[in-house]
Amino acid sequence: MFCYQCEQTAGGTGCTKLGVCGKDEDIQSMQDTLLFGLKGIAAYAYHARELGAKDESVDAFMHEALFKTVTNVSFDPTQYLQMLLKCGEMNLKTMELLDKAHTQRFGNPVPTEVETGTKIGSGILITGHDLLDLYELLKQTDSKGVNVYTHGEMLPAHGYPELRKFKHLAGNYGGAWQEQKKEFNSFSGAILVNTNCVLIPPQNTYLDRLFTTGITGVSGATHIRDRDFSLVIKKAKLLPPLPEAPEKKVMTGFHHAAILGLADKIIGLVKSGKIRRFFLIGGCDGAKPGRNYYTEFAEKVPGDCVILTLACGKYRFNKLDFGYIEGIPRLIDIGQCNNAYSAIQVALALAKVFNCGVNDLPLSIVLSWFEQKAVAILLTLLYLGIKGMRVGPTAPAFISSGLLKILQEKFDLKLITSPDKDLSAILKS
Ligand code: SF4
Ligand code: SF4
């Protein structure tokens, strides 16, 4: 454990074995998990608030849960476990709030084929999660002779009617966040970063054409205020044109409204045995070794199974050809990490149709985590009572062995092993 939040911390540097206050590593781990879950909620609540949506009960929970972690408030593991599940409940509420705010403002996403690569002419690459920034950028670049490209978690934006109506939303460029130093260097246009997962540019590369806005900031980059993107547009027009360099097309836009529109067909295929199982392979991508597990896993999923995916982990396999089962794509991109809400709606709807619990569905969840929004989503899935999920590529460092044991006992939470071993265990179950 490590804690240095109060004055009595051991040796004036940090309690590492047992807190001077009596806190043990499992309580510390639960407090940290709660704090990281709160950070995830904060991100989604921030986006929702930017779109005018807020919820008093979420705000009140943030205060209560933060207070809970103050020195000498509670040393009761049962209370903390309840708080962790409540954090999951509040995150579900927040993701719902954000989903409604997105769809009310930009319409229900529709399945959309997205071009990748670049087109000849001036261009701006926008990366992050904030769809309102993209909307404003598209409005301000309309008829200005500048193409706009999405990067990373902005890919699902192409499915929203109010965003895809702009003809100069030209396509998607690059992959997940950890590739951005290489990709931003090769993208010769202007680059706008609007949420987390920004990296500090290496010296003498793209810093002079990098812009941040909203919550983001990088020393030396120009920060844009009040969504006035005129400096970004000016820069894009001064830079040399991007080349005509088309790449493979990808699909996105399978919001739960779109998937549920196909419900009758999907249910029929499940009943006739043509769809054997669904795999939700979702979450963050990252730079550490071991993440090719997710590519390999997706490749090895049998041809009579459908893969649902969301968040930037999908870049590990979204350009592979998975084909169709009687017109239903075998790879269904639900959207950003906050669209875990859509995945949950699909699972609940299927459970209702099949008159069973979510845990009884032919559905296996294999998650990749990198940062704190993934923690909030995991807590949501635990709050919903979902069992047998696999997470990786490694266990979070802040989860103590005691807390991991509790989660394994209560929720049958598993750490990933190898694609072959995990797939064979799932398919046998
Ligand atoms: S809260 Fe407890 S564990 Fe943390 S620094 Fe203070 S005494 Fe140590
Ligand atoms: S899914 Fe996670 S890692 Fe990926 S861009 Fe979103 S927040 Fe970052």
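What the table below lists for this structure:
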read-out: Residue satisfying all of: in the range 311-323; of a type in the set (A, V, I, L, M, F, W, C) and either closer than 14 Å to V250 by Cβ or free of Cβ contacts under 8 Å to residues at least 24 places away in the same chain (or both); surrounded by the most Cβ atoms within 10 Å (Cβ to Cβ) among these; value: C312
read-out: Some residue of the range 275-294 being under 15 Å from P419 (Cβ atoms), more than 16 Å from ligand 1 (Cβ to nearest atom), in contact with a Phe, Trp or Tyr (Cβ under 7 Å, 6 or more places away or on another chain) and assigned to a loop (DSSP other than H, G, I, E, B); value: no
read-out: Any chance A287 is of a type outside the set (S, T, N, Q), without any contact (Cβ under 8 Å) to a residue 40 or more places away in the chain and out of contact with any His (no Cβ under 8 Å at 6 or more places or on another chain); value: no
read-out: Qualifying residue in the range 367-375 (condition: without any contact (Cβ under 8 Å) to a residue 60 or more places away in the chain and either more than 21 Å from T252 (Cα to Cα) or in contact with a helix residue (DSSP H, G or I) (Cβ under 7 Å, 6 or more places away or on another chain) (or both)); value: no
read-out: Segments classed as strands (runs of 3 or more DSSP E), wholly inside the range 158-223, with at least 2 members that are within 16 Å of ligand 2 (Cβ to nearest atom) and among the aliphatic types (A, V, I, L, M); value: 190-193
read-out: Scan of the range 369-393 for residues that are part of a loop (DSSP other than H, G, I, E, B) and in contact with a strand residue (DSSP E or B) (Cβ under 8 Å, 6 or more places away or on another chain), ordered by number; value: W369, F370, I386, G388, M389, P393
read-out: Residue identified as farther than 25 Å from E115 by Cα and small (G, A, S) among G282, G214; value: G214
read-out: Where a residue in the range 1-26 is farther than 18 Å from L403 by Cβ and assigned to a loop (DSSP other than H, G, I, E, B) and its partner, wherever it lies, is more than 6 Å from ligand 1 (Cβ to nearest atom) and among the aromatic types (F, W, Y), with Cβ under 6 Å and at least six apart; value: G14/F2
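Quick grid of which residues meet (1) of a type in the set (G, A, S); (2) under 17 Å from N147 (Cβ atoms):
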| site | (1), (2) |
| --- | --- |
| L238 | no, yes |
| P241 | no, yes |
| A245 | yes, yes |
| M251 | no, no |
| D264 | no, no |
| K274 | no, no |
| F278 | no, no |
| G283 | yes, no |
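This table checks each residue for (1) touching a strand residue (DSSP E or B) at 6+ places or on another chain (Cβ under 7 Å); (2) surrounded by 14 or more Cβ atoms within 10 Å (Cβ to Cβ); (3) within 15 Å of G121 (Cβ to Cβ).
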position	(1), (2), (3)
K235	yes, yes, yes
L239	yes, yes, yes
K248	yes, no, no
F254	yes, yes, no
A258	no, yes, no
K274	yes, no, no
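Table: residues versus (1) of a type outside the set (D, E, K, R); (2) out of contact with any Asp or Glu (no Cβ under 7 Å at 6 or more places or on another chain).
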{"residue": "Y149", "(1), (2)": "yes, yes"}
{"residue": "G171", "(1), (2)": "yes, no"}
{"residue": "G174", "(1), (2)": "yes, no"}
{"residue": "K182", "(1), (2)": "no, yes"}
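Values in this text are rule-based calculations from the coordinates and carry no lab data. Note that the structure is predicted; figures quoted are calculated from it, not measured. All Cβ positions, even for glycine, are placed from backbone atoms using ideal geometry, and neighbour counts span all protein chains on display.
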